[in-house]
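FYI, it's all coordinate maths here, none of it is from the lab. What you see is a predicted model; the values in this text were computed from it and never measured. Note that each Cβ is placed from the backbone with ideal geometry, even for glycine, and that neighbours are counted across all protein chains shown.
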Amino acid sequence: MGERIYHVAIADDWTMSEAMGEYAASTRGVSFDEAGFVHAATAADVAFVLDTFYADLTLPLVLLEIDPDGLAARGIGLDWEEQGGRRFPHILAPIPWDDDVVVAVRPLTRGPQGWEPPVLP
């Protein structure tokens, strides 16, 4: 099993995608078709993503925990982008609704200081 990667999703977007069998949002307000990939992060960068891109958002969010081996088994690749000394995985297809790919969905909590990232392995 490879190192897990994570995607922050607006909870309603994730729930509504079940009917299509795949989640096709790249990031907040951007579709997979527009970007050509789905943004993701390593466990070390989830807090950075929440603080940088979601700090002003009050809609419910969930954190998708994704197994790269599950993606590979479905023929879905990853590209890695270097940005500001950080490495971000880009998922090269919409995320399938498959327990071997999305191994956990965690509701995120918004506290008085902003989004509170969960403790991740």
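A single entry from 56, 51, 69 fulfils the requirement of being among the charged types (D, E, K, R), surrounded by fewer than 16 Cβ atoms within 10 Å (Cβ to Cβ) and free of Cβ contacts under 8 Å to residues at least 24 places away in the same chain: 56.
Taking the numbered list (1) among the hydrophobic types (A, V, I, L, M, F, W, C); (2) surrounded by fewer than 19 Cβ atoms within 10 Å (Cβ to Cβ); (3) within 21 Å of residue 114 (Cβ to Cβ) in turn, residue 30 passes all entries but (3). The set of residues from the stretch 63-86 being farther than 18 Å from residue 32 by Cα and either part of a loop (DSSP other than H, G, I, E, B) or in contact with a helix residue (DSSP H, G or I) (Cβ under 8 Å, 6 or more places away or on another chain) (or both) comprises 67, 84, 85, 86. Scanning the stretch 7-32 for residues that are within 16 Å of residue 77 (Cα to Cα) and acidic (Asp, Glu) yields one hit, 22.
Let's see how each residue does on (1) within 13 Å of the chain's Cα centre (by Cα); (2) farther than 23 Å from residue 17 by Cα; (3) of a type in the set (S, T, N, Q):
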position	(1), (2), (3)
69	no, no, no
84	no, yes, no
87	no, yes, no
96	yes, no, no
100	no, no, no
109	no, no, yes
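Each residue in the stretch 1-30 was checked for being more than 14 Å from residue 90 (Cβ to Cβ), outside any helix (DSSP H, G or I) and of a type outside the set (A, V, I, L, M), and 8 of them qualify.
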